[in-house]
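Reading through the structure tokens given below for one structure.
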Amino acid sequence: MSNSLLTKNALARSLKDLMMHIPLNKISVRHLVDDCGVNRQTFYYHFQDIFDLLGWIYKTEAVESIAQYRSYSTWTDGFYRIFCYIESNKSFCCNTLDSLGRGHLDAYLYEVTNDLIMGVINELAAGMDVSTEDKQFIANFYTLAFTGLVIQWMRDGMKDQPKIIIEKLSVLIEGNFLKALHKYEHKLP
């Protein structure tokens with residue numbers, strides 16, 4: 001692992017640790033560099049500001065979390081991994097949700113969910129005549145529904161079990177991806 005990546009990971013760990021007991025909006029670069037043991041110049045070499053670091057954390061952890069779950073037979077496992085990530089990083093995610101960094105959480109959820117759903121849509125649409133724009137529209141619809149569900153689950157204190165939510169979601173969605181693709185198939189431009 002490169003020194004640059006080691007430094008970024010150390011800064012990420014420090015931010016996540018600090019966010020366990022300090023609201024994001026109250027954390028300064030000084031807090032981070034003192035906690036991490038690096039200087040301000042090192043921080044600014046890697047990130048523009050704390051929100052840039054926050055976005056980097058979500059982006060790098062998103063890629064690792066669900067990359068192998070982009071198929072019709074595994075999409076529920078991918079969604080479960082998203083819930084597990086949020087549960088295991090509860091302070092970090094909830095702190096982000098209640099801060100000016102909320103956009104980074106939204107972007108994280110949108111990115112991982114849309115990537116997962118597009119994988120399913122593309123798999124199901126193989127051999128069908130459905131435009132890329134229509135596939136993206138279907139994926140966007142389901143992505144926004146799922147991210148809204150996750151945000152509401154977080155706001156409600158994460159009381160419901162993720163497996164139960166996913167089972168309900170699966171019943172609701174089962175067959176609807178394919179049904180939507182068939183409705184858009186051969187649609188005139």
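Pull out all pairs, ordered by first then second residue, where Cβ-Cβ is under 9 Å, the residues are six or more apart or on different chains, the first lies in the range 121-137 and is more than 10 Å from TYR184 (Cα to Cα) and modelled with pLDDT of 95 or more, and the second is open to solvent by less than 40 Å² (accessible area, probe 1.4 Å) and among the polar types (S, T, N, Q). Partner pairs satisfying both residue conditions: GLN136/ASN114.
When you scan the range 165-177, how many residues do you find that are open to solvent by less than 90 Å² (accessible area, probe 1.4 Å) and over 13 Å from ASP134 (Cβ atoms)? Quick ask: steps written out before the conclusion?
Going residue by residue through the range 165-177, those that are open to solvent by less than 90 Å² (accessible area, probe 1.4 Å) are 165-166, 169-170, 173, 175-177.
Add one more test, that the residue is over 13 Å from ASP134 (Cβ atoms), and what stays is 165-166, 169-170, 173, 175-176.
Summing the residues that are open to solvent by less than 90 Å² (accessible area, probe 1.4 Å) and over 13 Å from ASP134 (Cβ atoms) in the range 165-177 gives 7.
Condition check ((1) at pLDDT 85 or above; (2) acidic (Asp, Glu); (3) closer than 30 Å to ASN25 by Cβ; (4) in contact with a His (Cβ under 7 Å, 6 or more places away or on another chain)) across all residues:
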| residue | (1), (2), (3), (4) |
| --- | --- |
| GLY78 | yes, no, no, no |
| GLY101 | no, no, yes, no |
| TYR110 | yes, no, yes, no |
| ASN114 | yes, no, yes, no |
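Just give me the residues in the range 41-97 being aromatic (Phe, Trp, Tyr), open to solvent by 60 Å² or more (accessible area, probe 1.4 Å) and over 15 Å from PHE146 (Cβ atoms), in sequence order. Within the range 41-97, TYR44, TYR45, PHE51, TYR72 qualify.
The set of residues in the range 23-56 being hydrophobic (A, V, I, L, M, F, W, C), under 14 Å from THR96 (Cβ atoms) and free of Cβ contacts under 8 Å to residues at least 24 places away in the same chain consists of ILE27 alone. Evaluated against (1) modelled with pLDDT of 90 or more; (2) among the hydrophobic types (A, V, I, L, M, F, W, C); (3) exposed (fewer than 13 other Cβ atoms within 10 Å of the Cβ), ALA180 falls short on exactly one condition, (3). On the stretch given as the range 98-132, residues that are part of a loop (DSSP other than H, G, I, E, B), of a type outside the set (Ser, Thr, Tyr) and crowded, with 16+ Cβ neighbours inside 10 Å total 3. Going residue by residue through the range 133-145, is there one that turns out to be surrounded by 15 or more Cβ atoms within 10 Å (Cβ to Cβ) and either of a type in the set (Lys, Arg) or over 20 Å from TYR72 (Cβ atoms) (or both)? Yes, there is a match, as at least one residue in the range 133-145 is surrounded by 15 or more Cβ atoms within 10 Å (Cβ to Cβ) and either of a type in the set (Lys, Arg) or over 20 Å from TYR72 (Cβ atoms) (or both).
Residues in the range 2-20 that are without any contact (Cβ under 8 Å) to a residue 12 or more places away in the chain and assigned to a loop (DSSP other than H, G, I, E, B): SER2 alone. The number of residues in the range 146-164 being open to solvent by 80 Å² or more (accessible area, probe 1.4 Å), free of Cβ contacts under 8 Å to residues at least 24 places away in the same chain and in a helix (DSSP H, G or I) comes to 2.
The values are calculated or read from the model by the stated rules, or taken from the named source; none is laboratory data. Small disclaimer: the values here were computed from a predicted structure and weren't measured. For neighbour counting, all protein chains shown are included, and Cβ atoms are generated from backbone atoms with ideal geometry for every residue, glycine included. Just the protein is used for accessible areas: all its heavy atoms, side chains included, with ligands, DNA and RNA removed. Shrake-Rupley method; radii C 1.70, N 1.55, O 1.52, S 1.80 Å.
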